[in-house]
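To start, the structure itself, in structure tokens.
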């Protein structure tokens with residue numbers, strides 16, 4: 001009888017304690033600042049993978065591969081299978097303090113072509129991401145500076161890139177970035193490329209989040225990016241003497257937003273942004289964008305994330321006789337984790353881009369699919385596909401091409417075999433295609449003649465990533 005009474009008393013006490021549990025403290029532990037479900041109007045996105053305790057370390061990595069390339073010069077209308085060797089190295093620093101995190105990365109290497117002539121293309125990139133928190137918010141700063149031989153090289157045609165991905169605009173946490181449509185897609189001045197056109201690009205982004213209650217927060221984002229293309233010798237001279245040169249550009253964005261948790265799993269937000277695109281005055285002048293988005297997210301920690309955002313966009317072209325225009329801006333993302341072995345990501349975005357050097361501004365739509373699965377203890381397969389449609393904001397196109405729009409598609413697969421904790425053996429295949437609605441006749445020497453460039457690559461290689469060295 002005494003045991004029964006005691007058990008009932010304990011159960012009643014536990015029930016009362018659960019019913020009278022206090023609300024989460026306002027500050028770093030507030031729901032709106034939870035890293036698993038950050039403010040929807042900022043740049044962060046919920047993580048699907050459960051993470052262990054963070055540790056500070058330095059880590060090198062090296063990738064060597066042999067590739068058969070069907071169009072190594074990336075020319076319109078060209079096709080000839082030739083060998084290309086890739087050597088890429090990375091060095092990462094990951095440092096954690098009580099209220100601050102820091103990620104640094106250097107990525108370097110090149111592609112070596114031996115047929116029909118010996119040629120070397122180099123890749124150099126450095127990146128930084130830092131975050132500092134206080135009781136009711138945080139500030140995060142990112143910067144990515146890169147020199148790459150062409151847009152397709154930056155996507156890792158050799159079977160992937162070693163390191164954390166910070167140097168080419170990725171996030172140190174490994175998660176995709178948030179923000180307005182296209183916010184994090186201008187880091188290399190356009191990912192679609194024809195011809196071997198080196199480019200120098202830099203992107204700097206600052207993100208401030210300030211909670212005003214356990215359920216609500218304000219966000220402020222500032223971003224700047226520029227892209228400089230090295231087409232030929234005359235492209236480095238005065239603008240009046242440049243002919244058939246890809247268009248250099250820079251972009252400045254300022255966006256502010258408000259996020260509110262309506263339940264433990266659902267969040268709504270409103271975001272407004274002002275964007276300025278600048279091009280050589282003789283080619284494109286300036287473009288002013290006003291963008292407003294309403295968005296909603298549904299998140300199940302460790303399992304699923306769904307984000308949908310839509311809104312109007314007002315574009316004012318300060319060049320020629322073009323008139324201002326209204327259009328739609330939108331973003332949808334679905335990410336799903338199948339237990340602990342597989343993950344799926346689908347995304348769609350519609351935004352104004354810098355035109356990838358072909359147009360002085362473009363209306364761009366991008367759709368992407370990614371799937372990753374672990375098979376057994378030592379095999380991992382990754383599948384990815386993407387498609388984009390780009391329409392020039394100026395009716396007549398540009399001096400680079402007679403086309404007024406182009407489409408770009410890509411698909412690829414990578415199979416990795418983990419050999420212990422130090423080496424990965426991989427086999428990869430990728431397909432890229434860029435097609436213009438009008439054939440190129442202005443600059444055949446640079447881009448080739450025709451309207452379509454196709455590229456098949458098959459690679460085998462080895463990646464070495466020794467055990468990280470802990471630092472305190």
Within segment 263-303, how many residues turn out to be in contact with a strand residue (DSSP E or B) (Cβ under 7 Å, 6 or more places away or on another chain) and either closer than 23 Å to residue 328 by Cβ or without any contact (Cβ under 8 Å) to a residue 24 or more places away in the chain (or both)? 24
Residues that are surrounded by fewer than 17 Cβ atoms within 10 Å (Cβ to Cβ) and modelled with pLDDT of 70 or more: does segment 232-245 have at least one? no
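For residue 89, are the conditions met, namely being more than 19 Å from the chain's Cα centre (by Cα), touching a residue at least 60 places away in the same chain (Cβ under 8 Å) and under 23 Å from residue 468 (Cα atoms)?
So residue 89 passes the test.
I'm trying to understand the selection: among the residues of segment 300-339, which are outside any strand (DSSP E or B), within 24 Å of the chain's Cα centre (by Cα) and on the phi < 0 side of the Ramachandran plot?
301, 303
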Check on residue 76, within 27 Å of residue 144 (Cβ to Cβ) and either touching a helix residue (DSSP H, G or I) at 6+ places or on another chain (Cβ under 9 Å) or touching a residue at least 60 places away in the same chain (Cβ under 8 Å) (or both): no
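Looking only at residues in segment 30-46 that are surrounded by fewer than 21 Cβ atoms within 10 Å (Cβ to Cβ) and not in a helix (DSSP H, G or I), which one is modelled with the highest pLDDT?
Here is the first cut: in segment 30-46, the ones surrounded by fewer than 21 Cβ atoms within 10 Å (Cβ to Cβ) are 31, 34-36.
Keeping just the survivors that are not in a helix (DSSP H, G or I) gives 34-36.
Numbers: 34: 76, 35: 73, 36: 73.
Here the answer is 34.
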For segment 348-361, which residues satisfy the criterion of being touching a residue at least 60 places away in the same chain (Cβ under 8 Å), on the phi < 0 side of the Ramachandran plot and within 18 Å of the chain's Cα centre (by Cα)? 349, 350, 351, 352, 353, 354
So is residue 9 part of a loop (DSSP other than H, G, I, E, B) and at pLDDT below 85 or not? no
Out of all the residues in segment 442-450, is one or more within 26 Å of residue 68 (Cβ to Cβ) and modelled with pLDDT of 85 or more? no
Against the condition touching a helix residue (DSSP H, G or I) at 6+ places or on another chain (Cβ under 8 Å), in a strand (DSSP E or B) and either buried (at least 19 other Cβ atoms within 10 Å of the Cβ) or in contact (Cβ under 8 Å) with a residue 40 or more places away in the chain (or both), how does residue 107 come out, does it pass? yes
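Considering each of 347, 356 in turn, give the residue that is assigned to a strand (DSSP E or B) and either touching a strand residue (DSSP E or B) at 6+ places or on another chain (Cβ under 6 Å) or at pLDDT below 90 (or both).
Only one candidate passes the filter, namely 347.
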If only one of 254, 262 is surrounded by fewer than 16 Cβ atoms within 10 Å (Cβ to Cβ), at pLDDT 90 or above, at negative phi and over 22 Å from the mean Cα position of the chain (by Cα), which one is it? 262
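The values are calculated or read from the model by the stated rules, or taken from the named source; none is laboratory data. All figures in this text were calculated on a predicted structure; none of them were measured in a lab. Don't worry about glycine lacking a Cβ; one is built from the backbone with ideal geometry, like all the others, and counts go over all protein chains shown.
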